[in-house]
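Let me begin by presenting the structure, written as structure tokens, before commenting on it.
The numbers here are math on the coordinates, done by the rules we state, and not lab data. Just so we're clear, the structure is a prediction, and the values are computed from it rather than from any experiment. Heads up, the Cβs are rebuilt from the backbone with ideal geometry, glycines too, and the neighbour counts pull from every protein chain shown.
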Amino acid sequence: MKDFKIPELGENISSATVIKVLVKAGDTIELDQPVLELETDKATIEVPSDVSGKIIEIKIKDGDVVTIGQVIFSVEFTEVIAQNAVSASAGTTPVIEPVAELNAGSVDVPQKTATVPTEQDFLLPELGENITTATIIKILVAVGGTVEIDQSVLELETDKATIEVPSTVTGRVTEVLVNEGDVIPVGAVVFKVSANVEAQVQVSAALQTTASVVQTPIITEEKVETFTPVNNVPAESPKVILVDNQPPVLLNAAPAAPSVRRLAREIGVDVNQVKGSGPGGRILLDDVKAYSKALHQQRNEMQHIRVEQHQEPLPDFTKFGEVESQPMSNIRYKTAEHLSYAWHTIPHVTQFDKADITALEEFRKNYAKTAEKQGVKLTVTAILVKIIASALKKFPQFNASVDMQTKEIIYKKYFNIGIAVDTEFGLIVPVIKNAEKLNVIDISKEINQLAERARTKKASIADMQGGCFTITNLGGIGGTAFTPIINAPEVAILGISKGNIEPVYINGKFEPRTMLPLSLSYDHRVIDGADGIRFLRWVIDAIENPMKFIIEG
Amino acid sequence: MSQNIVVIGGGPGGYAAAFYAADLGMNVTLVDLEKNPGGVCLYRGCIPSKALLHVAKLINEAKDAKEWGVDFGEPQIDIDKLRGFKNKVVNKLTGGLGILSKQRKINFVQGRAKFISSDMIEVSKSDSSTEQIRFDKAIIATGSVIATIPALQIDSPRLLNSTTALDLPAIPKSLLVVGGGYIGLELGSVYAALGTKVSVVEFMDRLLPGADQDLVSHLQKRISASFDKIMLQSKVVEMKEVADGLTVKIENKDKQIEEQHYDYVLMSIGRKPQTAGLGLENTRVQVNERGWVIADNTLKTNDDNIYAIGDIVGEPMLAHKASHEGRVAVDAISGKKVVFEPLAIPAVVFTDPEIAWAGITENQANAKGIKFELAKFPWAASGRATTLDRSDGLTKLIIDPETERILGIGICGPGAGELIAEGVLAIEMGATVKDLALTIHPHPTLSETLMEAAELFYGHSSHIYKPAKH
């Protein structure tokens, strides 16, 4: 992809008015082909293109004022030519960032098929004047789920705005005939429902659909700020007031053209909430569209609490070398979402320390055969599961979750420890239930079984749920320390790095001791720094003085 | 399957709704008492009155032409031929609507409709047969009827209302117009031009109570010359038929009663909703205490199947409001998310000079405490007005001082009714004074007065020297 930007137009000219755009989206243009007619302070000029290829989208229109360096359109399959003298060097930042394009190339029109009498079709309804097709951003229903009238079933991007489409049918979804990313016409069959509604919980669309690669156009921070929707505040809407026998006066009516008001209503935007960018605060079509997008984005964030929505547009990597795009696996996508959420919402602190495991390692070596007879390998992880279960009893704030909405901290009276397991298809965290009731041999057996199930894809959802605290051991590979991300809604995680023999100054001389680096990340909202190190010291003490642990823990 | 729509009433609201619904592919039945669609507007209102006002204007201009060196002499008026011209206009337009209705395959039923349930009407036809029609949605567009004062309602052919006055029963020697609203003043102007001595009695302290006084004053000055007498703050307390006319007792603000003799009297005190005999009691439609049908902003009544548009849902009782409402109602029925939300509904009084306004009036702004600034351009400074020998005009803008957005426009002068359309567009588009000032207007036309009023706001009108105060 290559952008066409406004070139230098002459001395002291920083902006120009677009008199006429001579090309349109979809056109294939050649080098030096005139693409714009501009009016500057000094003259009216035709601007030739310095790129060639198919125009994806034109970001300006007749009458706009453009600045030198502003991106006017992007072309695909361009031959990049050497930048000549007229092409832009430095320029002002465009207000709207280049937008990742939706693939509008393949139009997949589902055909209406013969319907079974008990079935009902949901057709893509009229979306507004002159809107004949729309791109599906997200399908909010899934086969087997139930829909009700007015329930949102599709997220669409039309020429005009991003909108949610409510259902006009009710029933159980038997078939979905469209895919995310499809461009479908008004009247197309989107899904079929059976009238026999079964009480069935609708599976969230996010879980059902594989990670979609559709990118929502991004509005820059500046824009979002300008159009921050305040839809929660029931603003005073204009009332029709009759004065005698006079035509009604719409007090405080937004200054928007009738067509703009009509569009706003069609796409569910209260035009009175939109801040107009035109003279005298006039609300332009673009203002409504931008507001709708911002509103949509905000709603997305609130629904999915995904903060990573604010993605920066990716550069065109092919400029730098060969690349290959692969779809994210479901686990990878969920991991990305989950960890982004944890990272954005939890104020993390990571506390480092080391435990002297010389004695422990000696014991492990001596006990190895005994353990083997019971069919297990005695591991540091298993021992730490036991110790952590006790530590959670001593430090209940580490066995908690935070509910910021109700302003409550939830303390758990059970002690389930998750263990991060590296599998070929990604990171998963099986949970050892009621670890405080198990001895280390039992824990080892449990870990083995869970890890095996995870690696063979046989782990159940239940195996992964209910954790209170997670242990992640990277010591088998190496490392001196790391900063693990807390597995929300838990409040702490213990990272284990590789144990090393180090000189430790004991009783007036250096002695070789095996030291195990531990990294404890905790949620600073509920755990104070002093408690963080107290917890870690307690764990280290238990490792170093097992007798004390047996007596006290 | 397309919806079955019944529209009751074929006026400008009803036929606009019916035609649009048919265009959207609905099965439409249009019920009206007349042979063709048209309603009061075409048969007994806007259209015939404008045909006569056109003639009145011609008579007045011919009179004025003496001053310009052209004397046509006294007009010879053939009242039957004049009536024939008016009827021809009406028949041409209503006949045209009948054809447009047929072309759209609308089932036009002539008769009186009555609801017998929320999904059925019964139409009584002139041959006393009845027909029942089932509907998915109905639109009530039965409009309004002439309001009367029962105490003054005597049975005399000399007591006219707006309908009978349009039939030109005679050219009376003298005529009393009761009510200084737009209907009375328009019809009074027609008769005055035809040679009748016209007097007006108005209860309020001014003519055209809705319009701003600065617009009305030019009209008042002109009709004071062409009319016999304008009695403000006065009312008719008694009326009697005598051999050669009507004697009328008029009480002024000092409670003094004066008896006057008139050839004819025209009652034009207003209009009221036409709900009688509609069978609304068989539906869930509700009316308010003044008789207007209650509808929401999509024009839906309390009955989910029934919409109501036009005069029957209240002021302003204007044809263009009704037809816009009709289209909104049909859009709403077709499932579109629409409401009736105009920023301006133009009002036009087709007197000479015409008065037209849109958006907020100065009166309303004052009453509502809305901050505004005025820009007034007198037509004495307009080249075009001078060529017409008509400097008795005014174009004014009501402006939001903060945003410089145009909130309202008022125009007085010949052709004000045509000129106001630009103002309506400006208000609907949220135009600022600057927009109006920077829009090139053709010279020499009266439309320049809008631009010059806008320029005046900034203190640079070419044809008025008035330095900017800011």
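Overview of values
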read-out: Residues B:Asp389, B:Asp212, A:Asp121, sorted so that the one with the fewest Cβ neighbours within 10 Å comes first; value: B:Asp389, A:Asp121, B:Asp212
read-out: The protein assembly as shown - charge dipole about Cα centre, Lys and Arg +1 at Cβ, Asp and Glu -1, debye rounded to 20; value: 2220 debye
read-out: Other-chain or far-sequence residues with amide H under 5 Å of A:Met515's (modelled H); value: A:Ile357, A:Asn500, A:Ile501, A:Glu502
read-out: Phi to ³J(HN,Hα) by Karplus 6.51 cos²θ - 1.76 cosθ + 1.60 over the range B:356-364, Hz, x for Gly, Pro; value: 9, 8, 8, x, 7, 8, 4, 4, 5
read-out: In Å, descending, principal axis extents of the Cα set of the range A:474-553; value: 44, 34, 21
read-out: Whole-number Å³ per residue for the convex hull built on Cα positions in the protein assembly as shown; value: 276 Å³
read-out: For the range A:328-343, Karplus couplings with θ = phi - 60° (6.51, -1.76, 1.60), whole Hz, Gly/Pro x; value: 5, 6, 4, 4, 4, 5, 5, 4, 4, 5, 5, 6, 4, 4, 4, 5
read-out: Tail weight of P(r) past 17 Å, computed on alpha-carbon pairs of the range B:248-300, percent; value: 62 percent
read-out: Over the range B:38-80: Rg over Rh, Cα atoms, Kirkwood Rh; value: 1.16
read-out: Cα gyration tensor shape for chain B, rounded if a/c is under 1.5, else prolate or oblate; value: oblate
read-out: The range B:1-74 shape via C-alpha gyration tensor axes, a/c threshold 1.5; value: prolate
read-out: Mean Kyte hydropathy of -1.0 or more with a Cα span along the axis of at least 27 Å, helices from DSSP in chain B; value: B:79-103
read-out: Candidate lysines for bridging to B:Lys63, where Cα separation is under 18 Å - those fewer than 8 sequence places away on the same chain excluded; value: B:Lys197, B:Lys221
read-out: Under 21 Å from A:Lys373, Cα to Cα: lysines that are on another chain or at least 8 residues apart; value: A:Lys365, A:Lys386, A:Lys445
read-out: P(r), alpha carbons of the range A:277-431 - 5 Å bins starting at zero, rounded %; value: 1, 6, 7, 11, 13, 14, 11, 9, 8, 7, 5, 3, 2, 1, 1, 1, 0
read-out: Under 5 Å, built H, 5+ apart or other chain: amide partners of B:Val7; value: B:Thr29, B:Leu30, B:Val31, B:Ile139
read-out: Theoretical gain in end-to-end length, B:Asn91 to B:Ile440 [0.36 nm per residue, Cα-Cα removed]; value: 121.7 nm
read-out: Kirkwood Rh in Å, taken over all unlike Cα pairs in the range B:73-192; value: 18.5 Å
read-out: Quarter of Cα convex hull surface for the range B:268-343, i.e. mean projection, nm²; value: 5.8 nm²
read-out: Ratio of the Cα radius of gyration of the range B:102-159 to 2.2 N^0.38 Å, where N counts its residues; value: 1.63
read-out: Residue-count net charge about A:Lys54 - beta-carbon cut-off 10 Å; Lys, Arg +1, Asp, Glu -1; value: -2
